[in-house]
Every structure is written in structure tokens, then in C-alpha cells.
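Worksheet for the structure shown next.
The values are calculated or read from the model by the stated rules, or taken from the named source; none is laboratory data. Since the structure is predicted, the reported quantities are computational estimates derived from the model, not experimental observations. A quick note on method: Cβ atoms are made from the backbone with ideal geometry, for glycine too, and the neighbour counts reach across all protein chains shown. Remember, those area values only see protein heavy atoms, side chains included, never the ligands or the DNA or RNA. Shrake-Rupley method; radii C 1.70, N 1.55, O 1.52, S 1.80 Å.
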Amino acid sequence: QNFDRSKTVDVAKEIHKLNSRLQKEDRPYILIGVGRWGSMDPWLGIPVNWEQISGARVIVESSFRDFEVEPSQGSHFFHNITSFMVGYFTIASSVKSSFIQWDWLSEQQAKLQNKFVRHLQFDQPIVVKMNGHNNKGIIYKPGAAPMSED
């Protein structure tokens, strides 16, 4: 809600600090943000390099409220994603079945709240299911994944 494209370099710095801390704690995480992760153009997303987000096990890119950005397409970005088996989601506001429950995320108690980055941590695991062949995936809320292997 408060995302400011003029502050993406500052966002990247906060992400880097959090990534370093979570890696030291051996805590993989889901990284969610608007625009492109690793964008060379700071007006189109968060200009991080791989080292700054290397602890993420799932990366989610969401479109801006006022316009959609093409998903990340850099060869190094996708090489790292595939090599390190990182899940990748693109959420486009123009696709009805593609969404993030921002309200639910906002309601959750933050473990850490910086100026630009909010870190949530849950007692129950978050289950992520992806099918790259069908371009489908889901991230379940903590403790909400069905018991069956759908």
C-alpha cells in the first residue's frame, strides 16, 4: 500500500540485511514484493543482486497497482532460480486466479518491521505447491494446506 518506487534502492538494502540474518539462522523464506526482483531499472522493481536474496526458497513478484511490469527474464536470475530450486511466482493483476492476499498479510504480527520491509514468521509451516508444467502453484497460509497430495 505504501510502496514508493523512488525508494527501491533502500528496500534492497533492507532486504540484504534481513537475508543475511535469516541465512545465519538457517531459515529459508518466501520473498514477496512488487515489481521485478533483480531489476536493473529501480523504477521497475527492487534492484537486488542474487547475494541479497539468496536465502529465499520462493520468490513472488507482483504487479504494481498502476501498471504491470513484465516478469523477470534475466538469464542469470533464472539460472540461479533453477540451480538452487527456488520457487518463482508472478502475480499479474490482470489474471483473476493470480492474487496475493495483501489484507491477510497486513493483519499478521510482524516479527520485524523496518521502514520498507516487513518480516513475518509463523509457528506452523507454510506449504508451497508448484507445477511448472502447468504453470500453476499455490502458497498455503500457515497450517492451512490440505492433508491430501492434490
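The mean of 1/r over all pairs of different alpha-carbon atoms in the chain, once inverted, gives a Kirkwood hydrodynamic radius of 16.1 Å.
Normalised by 2.2 N^0.38 Å, with N the number of residues, the alpha-carbon radius of gyration of region 85-131 equals 1.38. Strictly greater than 14 Å: what percent of every Cα pair in region 23-70 meets that? Counting pairs separated by more than 14 Å, the tail of P(r) holds 51 percent.
Packing, as the average of other Cβ atoms within 10 Å across residues, places the peptides 109-120, 44-55 in the order 44-55, 109-120, highest first.
With a bin width of 10 angstrom, please list the P(r) values of region 72-150 as percents of all Cα-Cα pairs, from the 0 bin to the one holding the largest distance. The distribution over region 72-150 is 14, 37, 40, 9, given as percents. Per residue, the accessible area of the chain comes to 67 Å², computed with a 1.4 Å probe over protein heavy atoms only.
A Förster radius of 35 Å, combined with the Cβ-Cβ distance separating residue 100 from residue 24, puts the computed FRET efficiency at roughly 0.80. Distances between placed amide hydrogens fall under 5 Å for residue 36 paired with 45, 46, all partners being 5 or more residues away or on another chain. For region 131-142, putting each phi into the Karplus relation 6.51 cos²θ - 1.76 cosθ + 1.60 with θ = phi - 60° gives couplings of 10, x, 5, 9, 6, 10, x, 8, 10, 7, 4, x Hz, in residue order, rounded to whole numbers and with x for Gly and Pro. Here the accessible area of the chain is 52 percent carbon and sulfur, with a 1.4 angstrom probe and all protein chains present. Centre-to-centre, using Cα atoms only, region 25-79 and region 108-148 are separated by 16 Å.
Going by a ≥ b ≥ c, the root eigenvalues of the Cα gyration tensor, does region 1-89 fall in the rounded group (a/c under 1.5), the prolate group (a/b larger than b/c) or the oblate group? It is oblate, given that a/c is not under 1.5 and a/b is not larger than b/c.
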